[in-house]
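The values are calculated or read from the model by the stated rules, or taken from the named source; none is laboratory data. What you see is a predicted model, and the numbers here were worked out from it, not measured in a lab. Using ideal geometry, Cβ is built from the backbone for each residue, glycine included, and neighbour counts are taken over all protein chains shown. Heads up: the accessible areas ignore ligands, DNA and RNA and are worked out on the full protein's heavy atoms, side chains in. Shrake-Rupley method; radii C 1.70, N 1.55, O 1.52, S 1.80 Å.
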Amino acid sequence: MRGPLFILGLVSLPAFATAEPERYELDPEHTTVAFTVQHVGYAATLGLFAEVEGGFVYDMETQELSDVEVTVATSSLETMNDARDQHVRSDDFLDVEAHPQMIFVADSGEPSGESTGTVEGELTLLGETRPLVL
């Protein structure tokens, strides 16, 4: 009689082992926001923001994403050129004194594969909030 009880226990196991959505925090030591921008119309310039924090909730089983919030310190801009960095940080562009952060917020994402997908949300930069798809 041991065999059927053991099988019944295994059959009902998935009900107890169902994964719950988990909260993930971005590791600031291992997170960078990179970008490219056209410079003088002929070359792409690479830049990054080194100070990033935030997190999200993700359910591995259903691939559901929620509660995404990422905050970037605009003063952490780096393009590997001090003069250009100072100019981009100035009120001509990012105005980091008046707008020290840019914030991306999203409530969901759409998976397109095992480890790929899109996230639609809103980016607040320079005091304006606009839609953004990542």
Checklist entry - What are the residue pairs meeting all of these: first residue in the range 105-134, first residue under 24 Å from ASP91 (Cα atoms), second residue β-branched (Val, Ile, Thr), Cβ atoms under 6 Å, and 6 or more apart or on different chains? => result GLU122/VAL105; GLU122/THR129; THR124/ILE103
Item to check | First in the range 23-47 and farther than 26 Å from VAL57 by Cβ and without any contact (Cβ under 8 Å) to a residue 12 or more places away in the chain, second anywhere and open to solvent by 70 Å² or more (accessible area, probe 1.4 Å) and polar (S, T, N, Q), Cβ under 8 Å, 6 or more apart | outcome: ALA44/THR36; ALA44/GLN38
Item to check | Residues that are open to solvent by 50 Å² or more (accessible area, probe 1.4 Å) and either in a strand (DSSP E or B) or charged (D, E, K, R) (or both), drawn from the range 34-48 | outcome: ALA34, PHE35, THR36, VAL37, GLN38, HIS39, ALA44, LEU46
Checklist entry - Within the range 78-86, is even one residue in contact with a strand residue (DSSP E or B) (Cβ under 8 Å, 6 or more places away or on another chain), surrounded by 14 or more Cβ atoms within 10 Å (Cβ to Cβ) and closer than 29 Å to SER115 by Cβ? => result yes
Checklist entry - Does THR116 fit the bill of being at pLDDT 95 or above, open to solvent by less than 90 Å² (accessible area, probe 1.4 Å) and among the β-branched types (Val, Ile, Thr)? => result no
Next on the checklist: Restricting to the range 95-110, name every residue that is in a loop (DSSP other than H, G, I, E, B) and either modelled with pLDDT under 95 or at positive phi (or both).
Outcome noted: ASP95
Item to check | Qualifying positions in the range 49-74 - over 21 Å from LEU132 (Cα atoms) and open to solvent by 50 Å² or more (accessible area, probe 1.4 Å) | outcome: MET60, GLU61, THR62
